[in-house]
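Peer 1: I'd like to ask some things about the structure below.
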Amino acid sequence: MIVKVCGMREADNIRAVERAGADWMGFICYEGSKRYVATTPDYLPERSKRVGVFANASIENIRKRAHALRLDFLQLHGTESPELCSTLHTEGYRLIKVFALRSIADLKQIPPFAPYCDYLLFDTPCTGFGGSGKTFDWELLRHYDGDTPFILSGGIRPESLNELCRFRHPKWAGIDLNSGFETAPAVKDAARLKTFIETIKKTSC
């Protein structure tokens with residue numbers, strides 16, 4: 001089970017969340033977000049994988065931020081094309097493409113992107129780009145029959161544990177945590193995260 005903690009920015013908090021056991025950390029490179037990372041933090045995780053989150057950024061900007069933050073993955077959260085994903089994939093970047101799910105029909109968007117993605121991330125629809133802090137209907141994922149593994153996102157918080165432990169899918173690879181563990185935008189409660197991460201990794205989730 002991969003645990004990604006997104007919306008990181010502050011150096012001390014990054015250190016604390018890394019110690020709490022986050023496998024991946026997300027750094028938002030979209031200027032419209034209140035968790036936007038304008039400059040490279042004084043500390044970047046050494047054990048946790050680094051994920052840069054973009055929304056309709058130019059390929060030049062993506063390359064620049066990927067280099068500055070030494071990213072392990074690019075997460076594309078906008079209306080990026082399969083052609084852009086193909087180009088980035090060919091250049092050697094590892095990709096996560098986000099899909100907001102309202103209905104089964106939304107799953108039909110995936111096939112053109114799948115050959116270029118290492119993971120998909122399924123999230124809750126919202127206005128604009130970024131998280132809504134709400135969950136979507138996970139039952140929709142019973143209809144996902146692709147080969148690309150996925151990360152489950154959208155409104156996951158400490159009280160989501162029981163529901164997560166009931167969820168099953170052969171391609172489910174991990175979870176994405178953000179506002180449900182925040183004390184302020186871009187500041188995570190590392191103690192709550194540590195408890196949650198230890199619990200979910202000890203169970204059959």
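Peer 1: Go through the stretch 75-90 residue by residue and tally those that are touching a residue at least 24 places away in the same chain (Cβ under 8 Å) and within 21 Å of Lys49 (Cα to Cα).
Peer 2: Qualifying residue count, the stretch 75-90: 5.
Peer 1: Is it the case that some residue within the stretch 37-50 is touching a Ser or Thr at 6+ places or on another chain (Cβ under 8 Å), closer than 15 Å to Ile151 by Cβ and not small (Gly, Ala, Ser)?
Peer 2: no
Peer 1: For the subset of the stretch 60-102 comprising residues that are closer than 22 Å to Leu141 by Cα and among the polar types (S, T, N, Q), which member is surrounded by the fewest Cβ atoms within 10 Å (Cβ to Cβ)?
Peer 2: Thr79
Peer 1: Let me ask something else about it. For residues that are within 13 Å of Ala186 (Cβ to Cβ), in a loop (DSSP other than H, G, I, E, B) and either under 16 Å from the mean Cα position of the chain (by Cα) or free of Cβ contacts under 8 Å to residues at least 40 places away in the same chain (or both), tally how many sit in the stretch 1-28.
Peer 2: 4
Peer 1: For the structure I just gave you, tell me whether Ala105 is out of contact with any Gly (no Cβ under 6 Å at 6 or more places or on another chain), over 19 Å from Phe150 (Cα atoms) and in a helix (DSSP H, G or I).
Peer 2: The answer is no for Ala105.
Peer 1: Which ranges mark the strands (runs of 3 or more DSSP E) fully within the stretch 138-188 that have 2 or more residues being crowded, with 19+ Cβ neighbours inside 10 Å?
Peer 2: Fully inside the stretch 138-188 and qualifying: 150-152, 172-177.
Peer 1: While we're on this one: Within the stretch 154-192, count every residue that is of a type outside the set (A, V, I, L, M, F, W, C) and touching a residue at least 60 places away in the same chain (Cβ under 8 Å).
Peer 2: Summing the residues that are of a type outside the set (A, V, I, L, M, F, W, C) and touching a residue at least 60 places away in the same chain (Cβ under 8 Å) in the stretch 154-192 gives 7.
Each value in this text was obtained by applying a stated rule to the coordinates, not by laboratory testing. Nothing here was measured: the structure is a model prediction, and the numbers come from that model. Methodologically, a virtual Cβ is constructed for each residue, glycine included, from the backbone with ideal geometry; neighbour enumeration extends over all protein chains shown.
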